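Each value in this text was obtained by applying a stated rule to the coordinates, not by laboratory testing. Bear in mind the structure is a predicted one, so any value in this text is a computation, not a measurement. As a convention, Cβ positions derive from the backbone with ideal geometry for all residues, glycine included, and neighbour counts pool all protein chains shown.
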Amino acid sequence: MSKKAKEPGNAFAYDDAFRTMEGECDDILIPFVNYVFGEHYTKEAVIRRMRNEHFIARAGETEEKRVTDSHFEISERGISKRYHIECESKPYDNSLLIRFLEYDTSTAMDDVRWEGDKLVVRFPNSGLLLLRNSKKTPQEAQIVMETPGGAVSYPIKILKVSDYSVEEIFEKHLYLLIPFYIFNYEKNLSTIAGDEIQTDVLAGVYNDIVERLNKEQEVGSLSAFSFSVIINMTKKVLDKLAHKHGTVRRKVGEQMGGRVLDLPIIRAYHEAKDAGRIEGINEGKIEGRAELLTEMIRNKVRKGKPLDVIAEELEMKSSELQDIYDAVIKETVAI
């Protein structure tokens, strides 16, 4: 569903931003799900990322591969629910619902069960994040299936970035919207770029966002890792959307200067290792990076991943991560 056509800049910047936050940052995803779907998950909730590739057969055609932007399960207090969220940069149109039905049906087939002679198919809770607003956009869409046993319907929750101010984003802990906030200025970027005062005002908005993110991290609402992911993804989206407006990119980017960490974080580790400074990771000599590497390992340990799996995902040797991993395990046991 996401836009794949080649454009100036990183053609997958919007997908990358959404999928990185959804796939790596539980403390970004959980409050987003709570708000969109009216849930009440706590930090103790466990997220399991599910298969997001399926093949759909069409009459007279070969199978087509469908890739969802996100497909995951959240479990807490003995209850598990599945979710499917798409991030869309094009204006809303009803054809999106056809794809939702295709995706949801495919993912539902991964979660069937038998109750005697009854086959039970569980559809995921589905939502749509729209980066660009349109007059045709509803607050919620419905998919209705007319069956011999009666009509069955389910909602598609719709969230529009344009509906939220910076104040509301932080009030509701919708950190996932931050990288896409620049879309609210898209139509005026040419004017803003040509006016120094307006450019400074926009830069001030992002300075406020970074200061607020710092406070969220200080009070424990956001991890150091997720803080860096948000900053990095904001820069990626900005570079793509404002690729024609160097002044805007430069001035807004300056507000995040020194805070942008190349992802994956592990690249910083490899740079240190290649320079013969691997001991600096454990000694904290590479400012900020040791903390972020530890946070990444901590997140993976919380998901129940063993050392060998973590090392494989980070493209490192288990021996290189052993000390940090042991420290995280001791910390977890102590808690």
So for the pair residue 303, residue 145, with labels modelled 7 Å out along Cα→Cβ, what separation do we get in nm?
-> 2.9
Report the calculated FRET efficiency for residue 40 and residue 217 (r = Cβ-Cβ distance, R0 = 25 Å), to the nearest 0.05.
-> 0.60
